[in-house]
Amino acid sequence: MAERPYIVGNWKMNGTRAMLSEARAIDRAAQRYMKAEVAVAPPYTLIHAVHREAEQIGVGAQDVFPGEDGAHTGDISASMIADAGAKFVILGHSERRADHKETNKLINAKIDSALDAGLRIILCCGETLKVREAGEAEEFVLKQLKASLPQIDDAAERLTVAYEPVWAIGTGKTATPKDIEAMHKAIRQLLDETYGEETSAEVRILYGGSVKPDNAREILSIPEVGGALVGGASLSAESFLGIVVAASETEDA
Ligand code: PGA
């Protein structure tokens with residue numbers, strides 16, 4: 001991997017100001033584990049507060065409205081989240097694709113807005129159980145990515161891909177190391193074809209879906225796994241830091 005393993009906490013729709021103490025604890029501990037790059041994506045309401053706490057960790061958002069500031073009641077633009085202190089945004093998460101019927105076209109527009117605002121992107125992809133059981137997981141994920149990978153010249157530098165099998169999110173199930181490796185290699189090949197090998201090498205491919213302190217070491221040592229996108233286990237500093245420690249001790253991550 002070109003860069004340090006990237007461990008990102010996705011807090012989803014969790015967290016009030018009471019969670020700031022967890023963010024502070026994650027940040028202070030991350031300063032001792034510099035072999036890993038650590039970030040959290042709190043809900044919009046906490047981005048600025050977490051940003052103010054953060055000396056070491058990156059802070060990002062979980063979504064963005066595509067387009068300029070203006071008459072869009074209830075929406076939040078990329079420039080607003082950047083102003084609040086976000087440096088990246090998670091896009092195309094399966095919960096948004098399912099709950100808000102997000103299409104690849106909409107996700108593309110969000111990517112453009114985020115890049116225009118100078119943000120980095122974590123682009124999520126992943127198959128449902130039905131698709132995996134039909135033996136079509138790889139084809140499905142590559143199609144999803146082909147439809148959304150930004151084609152702008154310098155975009156790859158600001159891109160991270162997260163492979164998250166939908167059936168592994170929040171369920172306690174994880175894909176087998178063999179399946180994770182095969183999917184990450186297929187994604188790498190697509191990135192090589194899209195950006196050229198040199199640029200592709202800069203793009204980390206994270207695994208997500210029930211990553212916990214007790215399975216992190218195994219997952220993070222799989223070839224082509226460049227880090228983890230962590231939901232449930234990122235909500236407490238103790239469990240999230242268990243994953244950060246595993247990442248900082250994993251040689252090949
Ligand atoms: P989980 O969520 O770790 O709770 O499975 C991962 C994600 O959705 O990013």
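The values are calculated or read from the model by the stated rules, or taken from the named source; none is laboratory data. Computed from a prediction, not measured in an experiment: that's the story for all the values here. As a convention, Cβ positions derive from the backbone with ideal geometry for all residues, glycine included, and neighbour counts pool all protein chains shown. When the accessible area is computed, the model is the full protein with side chains, heavy atoms only, and any ligands, DNA or RNA have been set aside. Shrake-Rupley method; radii C 1.70, N 1.55, O 1.52, S 1.80 Å.
Within the range 183-214, the residues that satisfy the criterion of being within 16 Å of the ligand (Cβ to nearest atom) and open to solvent by 30 Å² or more (accessible area, probe 1.4 Å) are 212, 213, 214.
For the condition in a helix (DSSP H, G or I), open to solvent by less than 10 Å² (accessible area, probe 1.4 Å) and on the phi < 0 side of the Ramachandran plot, what is the one hit in 90, 107, 121?
Values: 90 fails: in a helix (DSSP H, G or I); 121 fails: in a helix (DSSP H, G or I).
107 is the lone residue from the list that is in a helix (DSSP H, G or I), open to solvent by less than 10 Å² (accessible area, probe 1.4 Å) and on the phi < 0 side of the Ramachandran plot.
Tell me, yes or no, whether the range 161-174 has at least one residue that is within 16 Å of the ligand (Cβ to nearest atom), open to solvent by 60 Å² or more (accessible area, probe 1.4 Å) and touching a residue at least 40 places away in the same chain (Cβ under 8 Å). Yes, the range 161-174 contains at least one residue that is within 16 Å of the ligand (Cβ to nearest atom), open to solvent by 60 Å² or more (accessible area, probe 1.4 Å) and touching a residue at least 40 places away in the same chain (Cβ under 8 Å). Candidates are the residues of the range 143-160 that are outside any helix (DSSP H, G or I) and closer than 13 Å to residue 191 by Cα; the one that is nearest to the ligand (Cβ to nearest atom) is 160.
Check 140, 65 and return the single one that is closer than 19 Å to residue 207 by Cα, away from the ligand (no atom under 16 Å from the Cβ) and touching an Asp or Glu at 6+ places or on another chain (Cβ under 7 Å).
When all the criteria are applied, what remains is 140.
Restricted to the range 232-253, and to residues that are among the small types (Gly, Ala, Ser) and surrounded by 23 or more Cβ atoms within 10 Å (Cβ to Cβ), which residue is farthest from the ligand (Cβ to nearest atom)? If you could, list the steps in order and put the result at the bottom.
Quick first cut of the range 232-253, residues among the small types (Gly, Ala, Ser) only: 232-234, 236-237, 239, 242, 246-248, 253.
If we keep only those that are surrounded by 23 or more Cβ atoms within 10 Å (Cβ to Cβ) as well, we get 234, 246-247, 253.
Details: 234: 7, 246: 14, 247: 14, 253: 17 Å.
So, considering only residues that are among the small types (Gly, Ala, Ser) and surrounded by 23 or more Cβ atoms within 10 Å (Cβ to Cβ), the one farthest from the ligand (Cβ to nearest atom) is 253.
For the range 215-226, taking the residues that are of a type outside the set (A, V, I, L, M, F, W, C) and under 16 Å from residue 168 (Cβ atoms), the one that is surrounded by the fewest Cβ atoms within 10 Å (Cβ to Cβ) is identified as 218.
Against the list (1) part of a loop (DSSP other than H, G, I, E, B); (2) modelled with pLDDT under 95, the condition residue 55 fails is (2). Can you find a residue in the range 86-106 that is closer than 18 Å to residue 211 by Cβ and hydroxyl-bearing (Ser, Thr, Tyr)? For the range 86-106, residues closer than 18 Å to residue 211 by Cβ and hydroxyl-bearing (Ser, Thr, Tyr): present. Return a yes/no flag: does the range 95-104 have any residue that is assigned to a loop (DSSP other than H, G, I, E, B), more than 16 Å from the chain's Cα centre (by Cα) and either within 16 Å of the ligand (Cβ to nearest atom) or surrounded by 19 or more Cβ atoms within 10 Å (Cβ to Cβ) (or both). Yes, the range 95-104 contains at least one residue that is assigned to a loop (DSSP other than H, G, I, E, B), more than 16 Å from the chain's Cα centre (by Cα) and either within 16 Å of the ligand (Cβ to nearest atom) or surrounded by 19 or more Cβ atoms within 10 Å (Cβ to Cβ) (or both). Let me confirm something: among 129, 149, which residue is out of contact with any strand residue (DSSP E or B) (no Cβ under 8 Å at 6 or more places or on another chain), more than 22 Å from residue 47 (Cα to Cα) and either touching a residue at least 12 places away in the same chain (Cβ under 8 Å) or among the polar types (S, T, N, Q) (or both)? Of 129, 149, the one residue that is out of contact with any strand residue (DSSP E or B) (no Cβ under 8 Å at 6 or more places or on another chain), more than 22 Å from residue 47 (Cα to Cα) and either touching a residue at least 12 places away in the same chain (Cβ under 8 Å) or among the polar types (S, T, N, Q) (or both) is 129. Residues in the range 31-80 that are surrounded by fewer than 18 Cβ atoms within 10 Å (Cβ to Cβ) and of a type in the set (S, T, N, Q): 31, 45, 56, 73, 79.
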